[in-house]
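So the structure is just underneath, and the comments pick up after that.
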Amino acid sequence: LFVGILAAAGLIGRKRITEALWIFGFGHMALQSVRHVTIFAAVTAPFIAVELTRWWNSAFANSAKKSIAGIFNQMAADLTPSFNRTTFWLPLALVGALFLPVGLGHWPSDYPKEMFPVDLIHKRQQMLAESRLLTTDQWGDYLIYLNYPKQRVFVDGRSDFYGPEVGNQYLQLLQGQYQWKSLLEKHGFDHVLAPLDWPLASLLKSDPDWKLLDDTGKAVLFERIRRPNGH
């Protein structure tokens, strides 16, 4: 990121404003959310590499052949033909390897059951898609993947889109803090799909307003059976 900022300054000095804005824009996104770091690297690497090459050439292009810089220059010159030959074919070969028959035999067909209550969700798929559901942000990702566009969740993994207020309420709910009941009422949840170790799961298990529908040993599903007014 710091090298990118320096490269952007050099690009601006040479009136290459578009490339500089790409670096600044994606750099800002990367600082906002870690998921954008990969995008930042992929998009800006060519601009940064070209700028670094320009700096190197301006500083060391005329270095003596026996100097360290001169040795690196000669190595680069010797390797350039090889890189030119492989630059086009190597990515194609790597992508093609993903589609070999051996690879297709091990291609995942669903999310990993070790991390997601896949069987429970498939069993109750229609009900969950139609309910006002509270679940973990990670399981919310899976439900959106499975039931889009019908599924709506309280939060999912894109926490930066929800803002601090919703994020804090989510944390209060999962931790079973003192406002947990009023928050459940405020958002009108009629189902809660929670990991067994959530404090909220223990609270709901002893609450007469909620009924335990499923317990896999790792995940529990609760259904509201009574509203505060008794209905």
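Brief remarks on what is shown
- Under 20 Å from a label point set 7 Å out along the Cα-to-Cβ vector of Ser33, the amide N atoms of the stretch 160-183 belong to 160-171.
- Here the simple spin-label model places points 7 Å from the Cα toward Cβ, and for Ala93 and Asp209 these points are separated by 6.4 nm.
- If the segment from Val166 to Ala45 were pulled out straight at 0.36 nm per residue, it would be longer than the present Cα-Cα gap by 40.0 nm.
- Net length available on complete extension from Gln177 to Trp55 is 38.3 nm, with 0.36 nm assigned per residue and the Cα-Cα distance removed.
- Hydrodynamic radius (Kirkwood) for the stretch 148-206, which is based on Cα pairs only, to one decimal in Å: 12.4 Å
- Accessible area per residue was computed with a 1.4 Å probe on protein heavy atoms; Met29 scores about 70 Å².
- The largest accessible area among Asp119, Asp160 belongs to the first residue in Asp119, Asp160, and the rest follow in falling order (1.4 Å probe, all chains).
- On the basis of the beta-carbon distance and an R0 of 22 Å, Lys186 and Ile225 show a calculated FRET efficiency of 0.70.
The values are calculated or read from the model by the stated rules, or taken from the named source; none is laboratory data. These figures come from a predicted structure and were not determined experimentally. Reconstructed Cβ throughout: ideal geometry from the backbone, glycine too, with neighbour counts over all protein chains shown. Only protein heavy atoms, including side chains, enter the accessible area calculation; ligands, DNA and RNA are left aside. Shrake-Rupley method; radii C 1.70, N 1.55, O 1.52, S 1.80 Å.
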